[in-house]
Amino acid sequence: MQVDIYVNWRRLIMFDEMKRATVAVAVFFISSVLFMGCNSSQTESVDSNSAPNSAPTQAASTSATAETASTPPPAALANSSELAENVYDAVWQKDWKTADAKFQQLQSNGSQMQQSSDAQMETGQLEKALKARDRMGALRASNELTNLFTSAMRPYQNKVPVDVMKLDYLGRRLQVDAGAKDMTSAKMTVQDLRHTWDNVRPEIIRNNGAAEASNFEALVTKMEKANSAQALSADAASELAQVDKLEGVFK
């Protein structure tokens with residue numbers, strides 16, 4: 001009974017985190033659309049008997065959406081994602097000097113997404129963990145920052161699908177869960193990984209990645225059957241290596 005309560009609580013927390021991340025991404029994306037729409041919003045006065053014409057605004061929004069979808073993500077946003085991952089990798093290797101340096105670069109990078117409340121919260125958590133040399137705290141915060149920045153790239157044209165990048169995030173999350181010997185969280189991470197993988201697998205296969213897809217499917221199935229933190233820790237390392245091969249399908 002206690003385990004069921006905890007699992008349900010964790011699911012509510014994760015749902016809230018996903019909802020917050022979605023809102024942050026929406027704010028980042030819509031703000032640019034509204035900015036473009038405002039430039040064309042100045043209109044001549046309309047006769048009091050005439051109905052307001054929303055066509056110009058709709059056309060501007062549609063045009064902005066299409067333009068965003070056909071352009072790569074802003075360099076500052078992509079760099080923020082990479083720098084947050086760099087911090088994670090350095091902390092994982094217990095290279096605190098490099099982790100501090102990459103964090104400083106991240107803070108000065110200037111991505112608009114970094115101004116969101118969620119990004120600011122995770123950045124604060126990361127800064128606190130780095131100062132305290134709290135390895136698990138720094139790993140979690142840097143990885144969550146990576147996920148926020150990666151999710152904000154979804155509306156843009158990405159060479160590598162965002163869901164493949166999300167598999168990278170989930171592999172790191174599984175590393176942390178397994179390292180903390182938190183099997184409840186680890187099992188939930190595997191469930192998220194399965195869902196994300198099922199979504200992106202057809203695209204991998206369409207891009208001549210049938211062999212890579214087959215290998216990754218076998219690994220996910222293996223993780224779903226794992227019953228120890230030690231086994232999942234090894235699987236997480238394998239997953240991260242295989243995600244590199246999935247990314248190679250698109251390069």
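Nothing in this text is a laboratory measurement; each read-out follows from the coordinates by a stated rule. Since the structure is predicted, the reported quantities are computational estimates derived from the model, not experimental observations. Note: ideal-geometry Cβ built from the backbone for every residue, glycine included; neighbour counts use all protein chains shown.
Treating r as the C-beta distance of ALA210 and THR71 and R0 as 30 Å, the FRET efficiency rounds to 0.50.
The ranking of SER233, SER151, SER142, SER108 by Cβ neighbour count inside 10 Å, starting from the fewest, reads SER108, SER233, SER151, SER142. Take the Cβ atoms of GLU203 and ASP182, set R0 to 35 Å, and the FRET efficiency comes out at 0.65. Approximating the spin labels as points 7 Å out from Cα along Cα→Cβ, the LYS128-to-ALA101 distance works out to 2.8 nm. Legend: residue pairs LYS187/LYS222; LYS131/LYS181; LYS97/LYS187; LYS102/LYS131; LYS166/LYS251; LYS97/LYS181, Cα-Cα distance threshold 21 Å; pairs beyond threshold, LYS131/LYS181; LYS97/LYS187; LYS97/LYS181. Coupling constants for the range 134-148 follow from the phi torsions by the Karplus curve (6.51 cos²θ - 1.76 cosθ + 1.60, θ = phi - 60°), and in residue order they are 8, 5, 5, x, 5, 5, 5, 5, 5, 5, 5, 4, 4, 5, 4 Hz; glycine and proline get x. Each residue of the range 87-92 is assigned a 3J(HN,Hα), and the resulting list reads 4, 4, 4, 5, 5, 4 Hz, derived from the Karplus form 6.51 cos²θ - 1.76 cosθ + 1.60 (θ = phi - 60°), x at Gly and Pro.
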